[in-house]
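Below: one structure in structure tokens.
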Amino acid sequence: MTADALQGPAEPYKSGMPRAGALLRNASDAIPPSGLVLLAILSVQLGAGFAKDLFAQLPPSAVVFLRIATGAVVIGLVARPKLRGLSRSDLGVGIGFGVTLGVMNLSFYQALAELPMGIAVAIEFLGPLGVAVAASRRRLDLLWVVLAGSGVVLLAPWGTSASRISWVGIGFALIAAVCWAGYILLAAAAGRRFPGATGLSFAMIISVLLAAPAGIAAGGADLLRPEILLIGLGVGLLSSVIPYSIEMEALRRMPKRVFGILMSLEPAVAALVGLLVLGEVLQVREWAAIGCVVIASVGATRTSGGAPG
């Protein structure tokens, strides 16, 4: 969950994490950039799938804490936060960035506990879609808003889907969508105020502090079980560190607009991962709703005013 208005998630931090980027560069030169984007999407969704599978042993808040904590440790080792010379305003942006990141993950994982993966991701994707549309002044973008809204209406829990989809889950997914939009804006602001990737590193520390009370209280001693820690590490790597590094390498080799179009496939990939990893079989109406969001995301990205990278 690191998209920058569907067009470049790691753009504010292109100069950060140079060692990770250098390691990936040699290994990924043989892979086309479109393949890298798809690998990053698959990594994120596999991380979410394994996290949801862990809900049978830990509450969502405890899984979120594990995911953020492991990601923060790894990213912190690569890009240590540097606070010297920063103003109160800079720190305020960094804290806001971290709080938004923490709330986004907490609400998304709560949505995962209530909804099939593909549906939770499709609703959450309204956040970056909204940022992309807001950045454009074209009347055509109203079509994408209507199309995405139609997808949400199709997902509403009435009729036969009532037992599978809850308003509570939709509510948490919408909170995550709003936070994702805020994340995009604050990531850009932090990228201008913090050197390299240290803004992200600082934000992740803040998000760990935010998630720790609920996560530790809910998980208790189970958080110290070796197998749980190992799965949590895997979720953190798959959900944050690996896709972040792959996306940076992909952005180096392709236009941001093309990147954004490929990223629009994320809800569909989430639905497929949910099917293969978790056995979540979606109804035709639910696939149609996800299709509406994907098409709206592609359309908003193609018609946005941003220049290609």
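Would you check if Gly291 is of a type outside the set (A, V, I, L, M), assigned to a helix (DSSP H, G or I) and under 22 Å from Ile165 (Cα atoms)?
Details: of a type outside the set (A, V, I, L, M): yes; assigned to a helix (DSSP H, G or I): yes; under 22 Å from Ile165 (Cα atoms): yes.
Yes.
It is to be established whether one or more residues within the range 175-182 are assigned to a helix (DSSP H, G or I), over 28 Å from Gly274 (Cα atoms) and among the hydrophobic types (A, V, I, L, M, F, W, C). Talk me through it step by step, then tell me what you get.
Filtering the range 175-182 for residues assigned to a helix (DSSP H, G or I) gives 175-182.
With over 28 Å from Gly274 (Cα atoms) added as a condition, the list becomes none.
So far as the range 175-182 goes, no, none of its residues is assigned to a helix (DSSP H, G or I), over 28 Å from Gly274 (Cα atoms) and among the hydrophobic types (A, V, I, L, M, F, W, C).
Among the residues of the range 30-56, which ones are closer than 30 Å to Gly215 by Cα, among the small types (Gly, Ala, Ser) and surrounded by fewer than 16 Cβ atoms within 10 Å (Cβ to Cβ)?
Ala56
Out of Ile184, Ile170, I need the residue that is modelled with pLDDT of 90 or more and under 20 Å from the mean Cα position of the chain (by Cα). Which one?
Details: Ile184 fails: modelled with pLDDT of 90 or more.
So the residue among Ile184, Ile170 that is modelled with pLDDT of 90 or more and under 20 Å from the mean Cα position of the chain (by Cα) is Ile170.
Collect the residues in the range 277-290 that are in contact (Cβ under 8 Å) with a residue 24 or more places away in the chain and more than 16 Å from Leu154 (Cα to Cα), keeping them in residue-number order.
Answer for the range 277-290, where residues must be in contact (Cβ under 8 Å) with a residue 24 or more places away in the chain and more than 16 Å from Leu154 (Cα to Cα): Val277, Leu278, Glu280.
Something else: Determine, yes or no, whether Thr198 is crowded, with 19+ Cβ neighbours inside 10 Å and at pLDDT below 90.
On the way: crowded, with 19+ Cβ neighbours inside 10 Å: yes; at pLDDT below 90: yes.
So Thr198 fits the description; yes.
If we keep just the residues of the range 273-309 that are modelled with pLDDT of 90 or more and β-branched (Val, Ile, Thr), which is farthest from Gln45 (Cα to Cα)?
Step by step, filter the range 273-309, then rank; the result is Val284.
Also, quick follow-up: Would you kindly identify the helices (runs of 4 or more DSSP H) lying entirely within the range 84-161 that contain at least 2 residues that are more than 22 Å from the chain's Cα centre (by Cα) and surrounded by fewer than 15 Cβ atoms within 10 Å (Cβ to Cβ)?
Working: elements: 88-114, 117-124, 126-134, 141-155.
Output list reads 88-114, 141-155.
So is Leu230 more than 25 Å from Val146 (Cβ to Cβ) and surrounded by fewer than 19 Cβ atoms within 10 Å (Cβ to Cβ) or not?
Taking the combined requirement at face value, the residue satisfies it.
So, one more: Working carefully through the options Leu251, Leu262, Leu238, find the one that is in a helix (DSSP H, G or I), in contact with a Phe, Trp or Tyr (Cβ under 9 Å, 6 or more places away or on another chain) and at pLDDT below 90.
Details: Leu262 fails: in contact with a Phe, Trp or Tyr (Cβ under 9 Å, 6 or more places away or on another chain); Leu238 fails: at pLDDT below 90.
Step by step, each of Leu251, Leu262, Leu238 is checked, and only Leu251 is in a helix (DSSP H, G or I), in contact with a Phe, Trp or Tyr (Cβ under 9 Å, 6 or more places away or on another chain) and at pLDDT below 90.
Looking only at the range 99-122, decide whether some residue is over 24 Å from Val63 (Cβ atoms) and of a type outside the set (Phe, Trp, Tyr). Give the steps one after another, and end with the answer.
Pass one, the range 99-122, residues over 24 Å from Val63 (Cβ atoms): none.
No: the range 99-122 contains no residue that is over 24 Å from Val63 (Cβ atoms) and of a type outside the set (Phe, Trp, Tyr).
Which of the residues that make up the range 35-83 are polar (S, T, N, Q) and assigned to a loop (DSSP other than H, G, I, E, B)? So that I can check it myself, show each step before the final result.
To start, the set of residues in the range 35-83 that are polar (S, T, N, Q) comprises 43, 45, 57, 61, 70.
Within the range 35-83, just Gln57 meets the criteria.
The values are calculated or read from the model by the stated rules, or taken from the named source; none is laboratory data. Everything quoted here is computed from the prediction, not taken from an experiment. Note that we place each Cβ from the backbone using ideal geometry, even for glycine, and neighbour counts take in every protein chain shown.
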